[in-house]
Number of protein chains: 2
Amino acid sequence: MYKTNPVSFADVEINGGFWAKKQKMNRDVTLEAVRLRFEETGRFEAFKFNWTEEGNLSKPHIFWDSDIAKWIESAALILRKNPDKQLEAKVDEIVDLIEKNQGEDGYFNIFFTVCEPEGRWKNRDAHELYCAGHLTEAAVAYYEATGKDKFLQLMKKYLDYIAQVFMVEKSAGFTTPGHEEIELALVKLYRCTGEQRFLDLAKFFIDERGKESQSLTGWCNSKYNQSHLPVREQRTAEGHSVRACYLYSGMADLAKETDDEELLTACKALFDNIVQRRMYITGGIGSSHEGEAFTVDYDLQNNTAYAETCAAISLAMFANRMKDIDMNAKYADIVEKVYYNGFLSGLSLDGKAFFYENPLEILHAEHDRHKSIHRSGERLPITRRQEVFGCSCCPPNVTRFIAAFGDYMYSTGDNGVYVHQFAESCAAFDYCGANVTINQVTEYPHDGKVKFSVCGLLNKHFCVRIPGWCADVRFNKQYTVENGYAVFAVDNDTFELEMDMDISPRIYASNPLVFANNGRYALQAGPIVYCLEEDDNGSNLRDIAVLRNTTFTVHYDEFFGANVIDAQGLRTQCDSSALYVPADAVQTKPVDVRFIPYYAFANRSDCDMLVWFKLS
Amino acid sequence: MYKTNPVSFADVEINGGFWAKKQKMNRDVTLEAVRLRFEETGRFEAFKFNWTEEGNLSKPHIFWDSDIAKWIESAALILRKNPDKQLEAKVDEIVDLIEKNQGEDGYFNIFFTVCEPEGRWKNRDAHELYCAGHLTEAAVAYYEATGKDKFLQLMKKYLDYIAQVFMVEKSAGFTTPGHEEIELALVKLYRCTGEQRFLDLAKFFIDERGKESQSLTGWCNSKYNQSHLPVREQRTAEGHSVRACYLYSGMADLAKETDDEELLTACKALFDNIVQRRMYITGGIGSSHEGEAFTVDYDLQNNTAYAETCAAISLAMFANRMKDIDMNAKYADIVEKVYYNGFLSGLSLDGKAFFYENPLEILHAEHDRHKSIHRSGERLPITRRQEVFGCSCCPPNVTRFIAAFGDYMYSTGDNGVYVHQFAESCAAFDYCGANVTINQVTEYPHDGKVKFSVCGLLNKHFCVRIPGWCADVRFNKQYTVENGYAVFAVDNDTFELEMDMDISPRIYASNPLVFANNGRYALQAGPIVYCLEEDDNGSNLRDIAVLRNTTFTVHYDEFFGANVIDAQGLRTQCDSSALYVPADAVQTKPVDVRFIPYYAFANRSDCDMLVWFKLS
């Protein structure tokens, strides 16, 4: 196992370009938008533990703790780089409420204290351990951002109680969480505190999963929460996709901390199963609304795609951890795919509204059909982003994931420093006893050129990911290629490198076994997947065929904050009113075709959208 | 309104070829197979009215009367041309039971006499009037076949009671049937008996529909049973497709008998709406399982297609009646399309098993997907024909429709005699005071040549349908074209005509608005739509592209009883295990492609099937 360590986002300044804009919007707009929605829906108020059956407060939901926890974690990540007394005070207020309302035994859960105290640790699907995990992640982030350890201590007390209940007394009604999350949070806490018992608890939950029959709700099976097999025997990604990738992330973390090669083997197989058979080209996963789940190999239908925003994030989290134990560019490729596509589509361009589901096609005719049949068939995703959801896991996951972009950019190992992501930025961190600085000057992803200035990296390698999508990359220095990284020998204290990636539009096909996409193609330029929208191309998008020999014209568009791409195509038309005509009665006429970034769909009118188009 | 009259099947002998074989199988195998299933399930026993809550007999279902009625009608149609004492005795036995168990007031309904007598005329959706309609059709057919009028008299008594309840007393809990059928049956009875009151009752039910709010079950809306508008205002085919076309058939019948131009206008619009926007290329209608219903224009999805066998039959019934009041080849075109495709697919090649739903694609990967998600999404049709269904409307509809093929072949009007369908046959009927005989010698549909010998048609026109699918037809005599018919002047008592239709394979496209078929094509030869099966072409049928310039090789296949067609194509393949690859990494290899008649799919292994394929 070749282990490397990620460079913290705290040591990376994204000081311009695409992600600087997104992070600014995240700080200025999105975090506050989420906070307001959570205020309005009573989620903050719930931390006062003053809900009663008779009162007029909204009844806390079992996962409200986790919503606020992710919001706190987002705030902490932002605070670490952008101190804000008011924001910090807001967090402190919640921490005080947690302290006040925590049980003497350490237990902290809103729903199972104020609504259903008799239900504690009885229902595996009731998200208690999931909430504990998110609170733990938030506590670590807040401690690392501010140095204040009150929240951390409260959570340690809670986790010690959980260890007592689950590992020692075994007195809970179930053995492992119904929704994984606490595993990776415990490793995070272990890394923060160095206290072995948290790693042990993580290992306990991971080791026990799938070893015994588990209580399940009526409509799901044991694959739903990955309890169908002991985790080391799992080779295909099954069940609820967020649960799955949170588990796999915890497994990868544990493999690293315990040098567990069996876990590594399982993680590698699970990752490959996802990206080779069960992932949309956008990085979206979990194709079915039923169970928000993986289904079968190559089942990647576009207009019914679930592809939850949280699931894309969870895949990036898993991929990112995989590179820490199996350095290969394929992992950072997926992180990038998620950031620019299936994740970013979950957020509106104005930063205020969210998609839970991220379909790859919107076909309003299908929605009309559903309305016409009264009882619906296959569920269709909504076509407009919303400001608030009843189940609001995605919005605060979006805010923390944008704030954490810097976490995914670099790592260090015995061989050298690795560059995984490209963005205008300055990084400064300690490595091998020296202070290393790396500057990137780039307009990526709108332009494929990146200038690196590196200091302090004497006699170690400088390894730059060559993106999997990149047909042609040029460097101004000699390099070798290792696991998808261009490896440069660094022989001087100062190292200047110029990278030039070809981000010309490129047409992709699916594996022929993807039965939803046969005869259809997708356009990608650099890491960005493109789509057609009715707003630009008129209705009936499925009938547009892009010319195989089209010229692509690329230009930057301020509204989308990215390049748009124009091409030439043919549109099928038929003068006959007949439903079926001899093939030669169907004519085509030349049309201009405009592609916009997939992530930016549904930011104008409520119109049709299509990723997979025909070629002619 | 130009009215014509159909020549009865009784006057037409199908004495060879495709339909003679099907009719023989219908007599020898299918009618008996249906009888046995109905025996086994207690449907015949139910006519003894001896079911009790305490007993061990199967509880009669509300539509069992209609199942047996259609079986009797089928038997009657067969008896008329093939006397069979045993079969006649079986029918007489049931008629005796009907006589014995009919109420003194005339009421006859198994369920609402023995199971729920307090429910009589209370539930619009409980099929009472529907059952009465089918019993009436059966009684007319049996009277016409045997001259025995007992059954007919029993039904007249029942219908007089229905008229009293619905038209005079208005004492029922609803005004018009929840499932149409009785309307067309009443017109049939009127035509048989000449008794005006039955036409009046048909007119009453048709006129009242959609005029007042109607009771509906929870999950359906007023379109479900065409009660959303007065029928004369209806312009789009809505709701349950069998209900719809039975209604439209009754409307067309009534339009003819009462010279109702408003009804004709509505019927024309409804027919065009179906065939121009809501019909599969197979003649299947009702694309959604939910409500077994029409949905919206151009919604013709293939693998979830409902396209009930009864619905195809009902469309042919409607089309056939339309030609009686608006002579145009487009109506007989649809009758032919249904007979050779979306209807015939409902019956196995051995005559023993049935499809209720007739999808245009079977994709087992979709079924695997459904199993994986535990709760299903959009319903998928079964992939194998069954010998019996709980709701068994289709099997006895199949038997009567095969037996009635001769009814659809000819009609007569002031202008002359019309030939609608082609089949090896001899017809002899009275027309304009003379006895006309028409012989067809043909191997249609395997060959496009038909030789007609006509006698007794002096000074009237002989009008032969030029099929809409026919790119090239040649006759050995001069003709003019009128409403899609080749019109020949007959100037001699004996008239010999040779017709030669080009039945070469022909590739069809959908209207570009059919969003399920974009970029896909279908193959038809003569009236027969073709499909690909995995048994011949391997898996992943969607990835086969037939060459645009392929040579088609046609040869007769004994197993399918029709021509099969071989072609050349390309199959997409990709050596990479990657899910997404640059388009040029996908290669194609030449493959032989075999098409079989669509109606014959699923008669070998349980494999994938596809109608709409790619071209390359």
Evaluation of A:Leu36 against (1) surrounded by fewer than 16 Cβ atoms within 10 Å (Cβ to Cβ); (2) among the aliphatic types (A, V, I, L, M); (3) more than 23 Å from A:Ser348 (Cβ to Cβ) (one fails), failing number: (3)
Given the conditions (1) at pLDDT below 95; (2) among the aliphatic types (A, V, I, L, M); (3) closer than 26 Å to A:Ala585 by Cα, report the number of the one that B:Ile565 does not fulfil. (1)
Answer yes or no as to whether B:Val586 is surrounded by fewer than 23 Cβ atoms within 10 Å (Cβ to Cβ), farther than 20 Å from B:Lys337 by Cα and modelled with pLDDT of 95 or more. no
If we take segment B:38-126, then helices (runs of 4 or more DSSP H) inside it with 3 or more residues that are without any contact (Cβ under 8 Å) to a residue 24 or more places away in the chain are B:85-101
Looking at segment A:550-569, can you tell me whether even one residue there is within 13 Å of chain B (Cβ to nearest Cβ) and under 30 Å from B:Arg542 (Cβ atoms)? yes
Does B:Thr588 meet the test of being within 11 Å of chain A (Cβ to nearest Cβ) and touching a residue at least 12 places away in the same chain (Cβ under 8 Å)? yes
Looking for whichever is part of a helix (DSSP H, G or I), under 28 Å from B:Gly468 (Cβ atoms) and in the same structural domain as B:Val140 (by TED's automatic domain parsing) here; the options are B:Leu184, B:Leu247. Which one fits? B:Leu184
Please work out if B:Asn517 is within 26 Å of the chain's Cα centre (by Cα), more than 7 Å from chain A (Cβ to nearest Cβ) and part of a strand (DSSP E or B). no
Could you go through segment A:127-134 and let me know if any residue there is farther than 25 Å from A:Cys391 by Cα, in contact with a helix residue (DSSP H, G or I) (Cβ under 8 Å, 6 or more places away or on another chain), modelled with pLDDT of 95 or more and part of a helix (DSSP H, G or I). no
B:Arg542 fails exactly one of the following numbered conditions: (1) buried (at least 22 other Cβ atoms within 10 Å of the Cβ); (2) within 12 Å of another protein chain (Cβ to nearest Cβ); (3) assigned to a strand (DSSP E or B). What is the number of that condition? (3)
Of everything in segment B:135-161 that's part of a helix (DSSP H, G or I) and acidic (Asp, Glu), which residue is surrounded by the most Cβ atoms within 10 Å (Cβ to Cβ)? B:Glu137
Mind checking which pairs have a first residue in segment B:291-306 that is within 8 Å of chain A (Cβ to nearest Cβ) and a second that is surrounded by fewer than 24 Cβ atoms within 10 Å (Cβ to Cβ) and of a type in the set (S, T, N, Q), Cβ under 7 Å, 6 or more apart or different chains? B:Thr295/A:Ser372; B:Val296/A:Ser372; B:Tyr298/B:Asn511
When only residues in segment B:49-76 that are surrounded by 23 or more Cβ atoms within 10 Å (Cβ to Cβ) and of a type in the set (Ser, Thr, Tyr) count, which is nearest to B:Asp149 (Cα to Cα)? B:Ser74
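Each row is one residue, and each column tells you yes or no for (1) at pLDDT 95 or above; (2) under 30 Å from B:Lys589 (Cβ atoms).
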{"residue": "B:Ile466", "(1), (2)": "yes, no"}
{"residue": "B:Thr494", "(1), (2)": "no, no"}
{"residue": "B:Met501", "(1), (2)": "yes, no"}
{"residue": "B:Gln524", "(1), (2)": "yes, yes"}
{"residue": "B:Val529", "(1), (2)": "yes, yes"}
{"residue": "B:Thr551", "(1), (2)": "yes, yes"}
Given the conditions (1) in contact with a Gly (Cβ under 7 Å, 6 or more places away or on another chain); (2) in contact (Cβ under 8 Å) with a residue 12 or more places away in the chain, every one holds for A:His367 apart from (1)
Might you let me know whether segment A:273-287 holds any residue that is in contact with a helix residue (DSSP H, G or I) (Cβ under 9 Å, 6 or more places away or on another chain), under 30 Å from A:Arg506 (Cα atoms), crowded, with 23+ Cβ neighbours inside 10 Å and modelled with pLDDT under 95? yes
What is the residue count in segment A:350-400 for residues that are within 14 Å of chain B (Cβ to nearest Cβ) and in a strand (DSSP E or B)? 2
Could you tell me whether any residue of segment A:596-613 is outside any strand (DSSP E or B), within 14 Å of another protein chain (Cβ to nearest Cβ) and of a type in the set (A, V, I, L, M, F, W, C)? yes
Yes or no: segment A:307-326 includes at least one residue that is basic (Lys, Arg) and either farther than 21 Å from A:His420 by Cα or assigned by TED's automatic domain parsing to the domain that holds A:His420 (or both). no
Just checking, does segment A:255-272 include any residue being under 19 Å from the mean Cα position of the chain (by Cα), within 12 Å of chain B (Cβ to nearest Cβ) and surrounded by fewer than 24 Cβ atoms within 10 Å (Cβ to Cβ)? yes
B:Glu233 - would you say it is more than 14 Å from every other protein chain (Cβ to nearest Cβ), farther than 30 Å from B:Val7 by Cα and more than 26 Å from the chain's Cα centre (by Cα)? no
Can you work out which of the residues in segment B:493-514 that are assigned to a loop (DSSP other than H, G, I, E, B) and under 30 Å from B:Val436 (Cβ atoms) is farthest from the other protein chains (Cβ to nearest Cβ)? B:Asp493
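The values are calculated or read from the model by the stated rules, or taken from the named source; none is laboratory data. No experiment lies behind these values; they were computed from the predicted model shown. Because the Cβ atoms are built from the backbone with ideal geometry, glycine has one as well, and the counts that use them run over all protein chains shown.
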